[in-house]
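Asker: Encoded as structure tokens, here's the structure I'll be asking about.
Laboratory data are not the source of any read-out in this text; all were calculated from the coordinates shown. Please read these numbers as outputs of a predicted model, since none were measured by experiment. FYI the Cβ positions are ideal-geometry reconstructions off the backbone, even for glycines, and counts take in every protein chain you see.
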Amino acid sequence: MDWRSLRRIVTDNKGGRSRILIDGEAAKLIAVEEAGLAEIWSAALDEGRLLDATDALADRDLTLEPDPRSVKVRWFTIAPEDASKSPEELDAAAAFAFGAVGASHCRADTARHPMMHKTASLDVIILVKGAVELLLDDGEAALKPGDVVIQRATSHAWRNRGAETALLVAVLIDAN
């Protein structure tokens with residue numbers, strides 16, 4: 001995945017005139033091989049703060065969940081699953097990944113899949129490229145580019161059984 005090819009454009013209003021505030025790469029990136037998260041934007045949902053012209057991600061560590069009373073926008077990728085890895089290796093990799101983004105507490109019952117997790121957020125997720133499966137405690141759904149998932153603070157995981165890395169965009173809104 002060439003993360004540098006992903007571009008974020010953030011607009012602003014100065015003196016009643018629209019303008020480009022940011023035109024460039026992701027604010028923050030964490031990636032291991034083909035899997036990763038790249039932060040696009042974050043803003044507080046408090047009155048008068050949603051349109052704040054500061055890049056709230058610039059001086060913060062990358063985290064899985066949005067801050068309290070905030071919204072977060074990101075790209076993320078799901079690499080094809082490596083069938084040669086043992087269940088123990090997959091679990092260790094998942095534990096490392098969640099720990100790296102401050103979300104070890106989000107891991108749910110991993111009996112179905114080592115990446116099962118639950119966040120306290122309403123997530124709108126759009127598959128841009130590739131193919132993935134959304135796994136839930138009871139059921140699953142195969143996604144193709146253009147499909148949108150409204151993930152409502154429930155336990156889930158993403159699985160890529162294809163040959164190419166899947167690219168998704170997520171808007172996460174704190175549910176508390």
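Asker: With a cap of 13 neighbouring Cβ atoms within 10 Å, and only residues DSSP puts in a loop, list the trypsin sites (Lys or Arg not before Pro) found in segment 59-104.
Answerer: Numbers: sites: 60, 69, 72, 74, 85; in loops: 60, 69, 85.
Here the sparse-neighbourhood loop sites are 60, 69, 85.
Asker: Could I ask something else about it? Want the number for residue 175 to residue 105: 0.36 nm per residue separation, take away the alpha-carbon distance, what's left? Write out the running numbers ahead of the final one.
Answerer: Numbers: separation 70, 0.36 × 70 = 25.20 nm, distance 1.63 nm.
This chain segment gains 23.6 nm when fully extended.
Asker: Residues with beta-carbon under 15 Å from that of residue 160, excluding residue 160: net charge, scoring Lys, Arg +1 and Asp, Glu -1? Let's see the in-between values first.
Answerer: Values: positive: 85, 129, 144, 159, 161; negative: 33, 34, 81, 82, 133, 140, 147, 164.
Taking every Cβ under 15 Å from that of residue 160, the sum is -3.
Asker: If you don't mind, there's one more thing I want to ask. So for the chain, if I pair up every lysine 8 or more residues apart or on another chain, how many of those pairs have alpha-carbons under 26 Å apart?
Answerer: Taking the Cα cut-off of 26 Å, the pair count is 14.
Asker: Oh, and also: In segment 50-129, how does Rg compare with the Kirkwood Rh, expressed as the Rg/Rh ratio over alpha carbon atoms? Please report the intermediate quantities before stating the final value.
Answerer: On the way: Rg = 14.9 Å, Rh = 14.8 Å.
Using Cα coordinates only, the ratio equals 1.01.
Asker: Further question on the same structure: Quick one: 110, 11, 77, 119, fewest Cβ neighbours within 10 Å first, how do they rank?
Answerer: Values: 110 17, 11 12, 77 24, 119 21.
With the fewest neighbours first, 110, 11, 77, 119 line up as 11, 110, 119, 77.
Asker: Just round it to a whole percent: the fraction of Cα-Cα distances in the chain exceeding 23 Å. Please report the intermediate quantities before stating the final value.
Answerer: Numbers: 6340 of 15400 pairs.
Roughly 41 percent, rounded to a whole number.
Asker: Among 34, 88, 164, which one moves the most in a GNM of the chain with springs linking Cα atoms closer than 10 Å?
Answerer: Ranking 34, 88, 164 by mean-square fluctuation puts 88 first.
Asker: What length, rounded to one decimal in nm, is gained on full extension from residue 7 through to residue 25, with 0.36 nm per residue of separation minus their alpha-carbon distance? Please report the intermediate quantities before stating the final value.
Answerer: Details: separation 18, 0.36 × 18 = 6.48 nm, distance 0.51 nm.
Between residue 7 and residue 25, full extension yields 6.0 nm more.
Asker: Of 27, 131, 167, which is farthest towards the positive pole of the chain's charge dipole, taken about the Cα centre with +1 and -1 on the beta-carbons of Lys, Arg and Asp, Glu respectively?
Answerer: So the residue furthest toward the plus end is 27.
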